[in-house]
1. Could you work out which residue, out of 97, 89, 68, moves most in a Gaussian network model of the chain, that is, has the largest mean-square fluctuation with Cα springs under 10 Å?
2. Considering only 83, 56, 43, whose Cα is most displaced toward the positive end of the charge dipole of the chain, charges sitting on Cβ of Lys, Arg (+1) and Asp, Glu (-1)?
3. If you work out Rg and Dmax of the Cα atoms in Å from the coordinates, which of (i) 16.4, 46; (ii) 14.3, 45; (iii) 14.8, 49 do you get?
4. Classify region 34-102 from the C-alpha gyration tensor, please: rounded if a/c falls under 1.5, else prolate or oblate depending on whether a/b exceeds b/c.
5. About the Cα centre, and with charges only on the beta carbon of Lys, Arg (+1) and Asp, Glu (-1), how big is the dipole of region 44-112? Nearest 20 debye, please.
6. Tell me which GluC sites (Glu not before Pro) from region 7-84 have a DSSP coil assignment and no more than 16 other beta carbons within 10 Å of their own.
7. Compute a Gaussian network model of the chain, connecting alpha carbons closer than 10 Å, and tell me which residue from 22, 57, 65 fluctuates the most.
8. Within region 18-34, find all residues whose amide N lies under 18 Å from a label point positioned 7 Å from the Cα of residue 111 along Cα-to-beta-carbon.
Amino acid sequence: MLQQKIFGDKNYKQKLANFNVDDISELKTKTEIISKYIKSLESGRIERTKEEAIQADFLNRFFGDILGYDYTDPNLWSLEKEYKSVTDGTKADGALGFFTMNGKNIDADIRAVVE
């Protein structure tokens, strides 16, 4: 194997076992979001747009609205945009993990970086 998996097979099997689409309108909404991005890719619009112009919307829509990472809760959220690494100061497009407020600072338990 050339690349190591981020999450083990056990994690995927557990997620699949618990996966359920109770609300058909939720599935329809997610499908519509994906369809719009596909049409934008096919038309060439995304290719001609600067990454910075669509980055936040893409992260919110795909990771938030489609995959369920929370980006709106002011106390505990799981998607942070433009996350600056404490290790070397570089900035990733986004980060997935557990984020909370600690006074005026953000406590972060990063699980994956989105670039």
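1. Judging by the Gaussian network model, the answer is 89.
2. Value: 43.
3. Recomputing Rg and Dmax of the Cα atoms in Å here gives the entry labelled (i).
4. Numbers: a/c = 3.38, a/b = 1.60, b/c = 2.11.
Oblate, because a/c is 1.5 or more while a/b does not exceed b/c.
5. Working: 9 positive and 13 negative charges, 35 e Å.
Magnitude of the dipole: close to 160 debye.
6. Values: sites: 26, 32, 42, 47, 51, 52, 80, 82; in loops: 47.
Loop-located and lightly packed - 47.
7. For the chain, modelled as a Gaussian network with Cα springs under 10 Å, the answer is 22.
8. 18-20
Coordinate-derived values only; no laboratory data. In this text the structure is predicted, and so the values were computed from the model without any measurement. Note: ideal-geometry Cβ built from the backbone for every residue, glycine included; neighbour counts use all protein chains shown.
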